[in-house]
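Colleague: Have a look at the structure that comes next, please.
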Amino acid sequence: MPDDVPRKGPDYDDDFYAWTQHQAAVVREMPVTDNRFDRDNVAEEIETLGRSERDAVRSQVHRIIEHFLKLQFSPATQPRSGWMRSINDARRILADLYEDARYQSELSLEEYDKVEATKLCPEECPYTLDQILQKRWYPEP
């Protein structure tokens, strides 16, 4: 691609983290014609927002795995309900992520006139965490 043709970059709805990092780079490349515009700090804030979102998701997955391990291997009986409550809380956040992803897939399918396929998307995530994290695993049509 020639240097004078702008790169579109990642799509906001497909990969928010990648989008924020790309937009921060674009802001840094923009010429500043008005000294009131704080380009470097605006770019840093955009990058930070993307990292915060990514880190929040990682934190919830980490919390689930940590408490799974405690439930499976700890002989303790008293904190178990607290660990299960924590897992449930993190799962609700992951369920919200699924709902957002399902909505996005429906919009994409509608864009390609696949409206009937949107009705097949389940309300709840049909994939296990193992499946989601397993390299080279894809659902069968």
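Colleague: Name the single residue, out of those in segment 39-60 being aliphatic (A, V, I, L, M) and over 25 Å from Arg92 (Cβ atoms), that is nearest to the chain's Cα centre (by Cα). Walk me through how you get there before you give the answer.
Modeller: Taking segment 39-60 and keeping what is aliphatic (A, V, I, L, M), we get 42-43, 46, 49, 56-57.
Add one more test, that the residue is over 25 Å from Arg92 (Cβ atoms), and what stays is 42-43, 46.
Working: Val42: 22, Ala43: 20, Ile46: 16 Å.
By that ranking, first place goes to Ile46.
Colleague: Across segment 18-41, which residue is surrounded by the fewest Cβ atoms within 10 Å (Cβ to Cβ) among those that are charged (D, E, K, R) and in a helix (DSSP H, G or I)?
Modeller: Pass one, segment 18-41, residues charged (D, E, K, R): 28-29, 34, 36, 38-40.
Pick out the ones that are also in a helix (DSSP H, G or I) and you get 28-29, 39-40.
Numbers: Arg28: 14, Glu29: 10, Arg39: 14, Asp40: 12.
Only one residue tops the list, namely Glu29.
Colleague: Which residues, taken from segment 73-126, are outside any helix (DSSP H, G or I) and under 18 Å from Val61 (Cα atoms)? Give the derivation first.
Modeller: Within segment 73-126, the subset outside any helix (DSSP H, G or I) is 74-79, 112-114, 119-126.
If the condition is that a residue be outside any helix (DSSP H, G or I) and under 18 Å from Val61 (Cα atoms), then Glu124, Cys125, Pro126 are the ones that fit.
Colleague: In addition: Within segment 1-38, take every residue that is basic (Lys, Arg) and within 26 Å of the chain's Cα centre (by Cα) and give me the one that is modelled with the lowest pLDDT. Outline the logic, then answer.
Modeller: Of the residues in segment 1-38, the ones basic (Lys, Arg) are 7-8, 28, 36.
So of that shortlist, the ones also within 26 Å of the chain's Cα centre (by Cα) come out as 7-8, 28.
Working: Arg7: 65, Lys8: 81, Arg28: 94.
Only one residue tops the list, namely Arg7.
The values are calculated or read from the model by the stated rules, or taken from the named source; none is laboratory data. Owing to the predicted nature of the structure, the values given are computational and were not obtained by experimental measurement. Using ideal geometry, Cβ is built from the backbone for each residue, glycine included, and neighbour counts are taken over all protein chains shown.
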